[in-house]
Amino acid sequence: MSYLTIPEFQQHKKEGKKITVVTAYDALFTKIVEQAGLEVILVGDSLGMVVQGKPNTLSVTMDEMLYHTRMVAQVSQRALVIGDMPFLSYQVSVEEAVKNAGRFLQAGATAVKIEGGLSVVDRVEALTGFGIPVMGHLGMTPQSVNQSGGYKVRGKEQAEADTILQEAKTLEAAGVFGIVLECVPSELANTITQELAIPTIGIGGGQGCDGQVLVLYDILGLFDDFVPKFVKPYAHLKVDAVQALKRYKEEVECGKFPSDAESYQ
């Protein structure tokens with residue numbers, strides 16, 4: 001099977017085909033995601049919270065992101081793999097941004113994602129100039145959580161909505177192949193989607209976006225430390241896992257496991 005390419009990703013918008021994106025952080029879940037037919041995997045820095053148990057994404061390192069990107073990329077057979085550039089991997093300088101983005105491609109990613117608008121335009125131009133595909137990220141940007149005062153909906157006020165719209169247009173002109181819109185009013189997401197030629201991927205952006213992205217652990221009901229409004233669990237695997245482990249513990253303690261069926265003769 002051939003990998004989904006950037007032009008094919010963008011063609012989905014022209015054809016009116018919704019784009020489904022999901023996070024994955026390891027080989028096992030990558031195989032499951034692809035068996036389900038999904039074509040885009042984001043190796044998100046959200047792993048800092050759902051895998052590492054941290055309060056936010058700010059302490060996730062390049063080495064950690066590259067480690068997880070390699071696990072995903074080495075077993076992916078079809079998906080477009082996007083590496084999420086962590087905090088301080090692109091903010092310091094254009095040179096650092098190019099170097100670190102290149103490391104993602106060397107780890108097997110096809111593209112990278114960076115947060116921000118006007119402040120990262122020069123990074124986007126530099127990266128795309130060297131042939132590194134870039135996905136943008138506007139609205140609620142988790143790496144700016146301290147500045148914004150928490151995980152809040154952005155663009156509710158007209159002035160901020162106008163700024164986000166202008167930044168989306170600026171990022172498109174700079175060369176991003178798509179933009180994630182996180183926690184923005186549906187009306188704003190609709191406007192941006194209509195005015196851009198590139199796909200928009202919503203996470204808390206409503207139905208009007210060209211596609212959607214969710215954290216895999218949220219979809220499967222594995223991570224319930226907090227559940228944002230935009231999350232819809234499609235399974236409750238944490239409940240199933242707890243019950244399975246309880247049964248295992250009970251059977252070991254009462255001598256029911258292992259039985260002859262699980263023993264060598």
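Every number here is computed from the coordinates shown, using simple stated rules; none is lab data. The structure presented is a predicted model; accordingly, all values stated were derived computationally and were not measured. Ideal geometry is used to build each Cβ from the backbone, glycine not excepted, and the neighbour counts take in all protein chains shown.
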**Amide hydrogen neighbours beyond the local backbone of V40, cut-off 5 Å, H modeled** = V22, L80
**Prompt:** Hey, can you rank 136-142, 64-70 by average C-beta count inside 10 Å, highest first?
**Reply:** 136-142, 64-70
**Request:** Would you mind computing, in nm to one decimal, how far apart the modelled labels at Q11 and Q77 are, each placed 7 Å from Cα along Cα→Cβ?
**Result:** 2.1
**Message:** Give the lysines whose C-alpha is closer than 28 Å to that of K99, dropping any in the same chain fewer than 8 places away, or say none.
**Reply:** K54, K113, K169
**Message:** What whole-number volume per residue, in cubic angstrom, does the convex hull of the C-alpha atoms of the chain give?
**Reply:** 150
**Prompt:** Quick one: if you stick a label point 7 Å off each Cα along the C-beta vector at Y151 and E96, how many nm between them?
**Reply:** 2.6
**Request:** Putting +1 on Lys and Arg Cβ atoms and -1 on Asp and Glu Cβ atoms, find which of Y264, T163, A111 reaches farthest to the positive end of the dipole of the chain.
**Result:** Y264
**Item:** ³J(HN,Hα) computed for each position of the range 62-77 - Karplus, 6.51 cos²θ - 1.76 cosθ + 1.60, integer Hz, glycine/proline x
**Value:** 4, 4, 5, 5, 5, 4, 6, 4, 4, 4, 6, 5, 6, 10, 5, 10
**Prompt:** Using alpha-carbon pairs under 8 Å, 6+ residues apart, how would you state the relative contact order of the chain in percent?
**Reply:** 15
